[in-house]
Amino acid sequence: IVQYADQKPKQVGDEVIFTTMNLAEKKPEKVTAVLRKIGIHCYIYVQKGKSVSNSAISRTCQTFDEKIYPTTTSSFGSEWSPGIDNDSRISLLFLDIKDTYDPKAGKKSFVAGYFYAGDEYTRNQNPNSNEREMLYLDVYPGNPDKPGYMSTMAHEFQHMIHWHHDAKEVTWVNESMSQLATFLNGFDHPSQVFAFIRNSDNSMLGWTDRDMLANYGQVYLFAYYTAFHFGPIAKDRQTFLRALVESDARGSRGYLAGLKKLDVNVSFGEIFRNFCVANFINDPNINKGIYGYDKMLRK
């Protein structure tokens, strides 16, 4: 208690040295950042030497406080709060994430953002921890001024929430929830859906490196299909999603645990088979719509 009481309150202009992950070289490295804005639910830091417009900073703060935070927590549950740092605000760090992006060499893919669970532990437990609830957002080639930029923030925030409730959840389930989080926050269907359409012979549970974009597209469609077929009403959908995230049952069993909260007793195999048929014929006029999607995904 004394330790936290003696800390100076955070102020705009403060400089902090963060430990970030160089994903290209797979090693930690230090980054100095400046606190640019303090919101209701967030602190916004920008890597020193990088330019992020004041309008982008203000828009990010407002969007997170008024849209992403309430929407994501109501759908999936709360993050660890006040958390490891005894502070209810979440740190958002704008930085140049070191990845393999190199357009001159034809490498155009990049990491738009990430959540690092290691920050949720003390430095005695993890020397690379920043000891705070934190999200990392890319500024090169990521562009904070673009409308869809903050969809990454919604995606990664769900990972933070999921870690708090079930840190050992399998990848495909965790990613399916984060993909769905972007849509629930109003950022439309993710473009990876088309990658799955081009490569539908894909293992949803395997989550291999063979076609990573198809993985994301497939788990999104499955999460959307399950959540909206069994929870057409927002209240029921939230009940299902929160129960799934909070359950310590993992993988397919987590989905079934969530559906039990809606008094739905069906095998995972049956859900998956119906999902596959829906992707093939997409006709909502058959068998009470179980073999199709709504108007938003009809095309």
Take the conditions at pLDDT below 95 and at positive phi and apply them to G106. Does it pass? yes
Flagged in the stretch 214-248 as over 25 Å from N285 (Cα atoms) and at pLDDT below 95, in numbering order, are D248
Between residues in the stretch 204-221 that are assigned to a loop (DSSP other than H, G, I, E, B) and residues that are at pLDDT 95 or above and aromatic (F, W, Y), which pairs lie under 7 Å by C-beta distance while being six or more apart or on different chains? M204/W172; M204/F222; L205/W172; W207/W172
Within the stretch 103-131, which residues are assigned to a loop (DSSP other than H, G, I, E, B), open to solvent by 30 Å² or more (accessible area, probe 1.4 Å) and farther than 22 Å from H189 by Cβ? G106, Y116, Y121, T122, R123, N124, Q125, P127, N128, E131
Looking at the stretch 189-242, which of its residues are over 16 Å from the mean Cα position of the chain (by Cα), within 20 Å of F268 (Cα to Cα) and among the hydroxyl-bearing types (S, T, Y)? S200, S203, Y225, T226, T239
Do you know which residues across the stretch 37-88 are aliphatic (A, V, I, L, M) and under 21 Å from the mean Cα position of the chain (by Cα)? I40, I44, V46, A56, I57, I68, I84
Criterion first (out of contact with any strand residue (DSSP E or B) (no Cβ under 8 Å at 6 or more places or on another chain), among the basic types (K, R) and modelled with pLDDT of 95 or more) does R298 satisfy it? no
Pick out the one residue from S78, S58, S88, S74 that is without any contact (Cβ under 8 Å) to a residue 24 or more places away in the chain, hydroxyl-bearing (S, T, Y) and either surrounded by fewer than 18 Cβ atoms within 10 Å (Cβ to Cβ) or in a loop (DSSP other than H, G, I, E, B) (or both). S58
If I filter the stretch 61-71 down to residues being buried (at least 18 other Cβ atoms within 10 Å of the Cβ) and hydroxyl-bearing (S, T, Y), which single residue comes out as nearest to H164 (Cα to Cα)? Y69
Looking at the stretch 263-272, is at least one residue touching a Leu at 6+ places or on another chain (Cβ under 7 Å) and of a type outside the set (V, I, T)? yes
Condition first: without any contact (Cβ under 8 Å) to a residue 12 or more places away in the chain, of a type outside the set (K, R) and either under 26 Å from Y101 (Cα atoms) or open to solvent by less than 60 Å² (accessible area, probe 1.4 Å) (or both). Can you find one or more residues in the stretch 25-47 that meet it? no
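The values are calculated or read from the model by the stated rules, or taken from the named source; none is laboratory data. Computed from a predicted structure; not experimentally measured. FYI the Cβ positions are ideal-geometry reconstructions off the backbone, even for glycines, and counts take in every protein chain you see. Remember, those area values only see protein heavy atoms, side chains included, never the ligands or the DNA or RNA. Shrake-Rupley method; radii C 1.70, N 1.55, O 1.52, S 1.80 Å.
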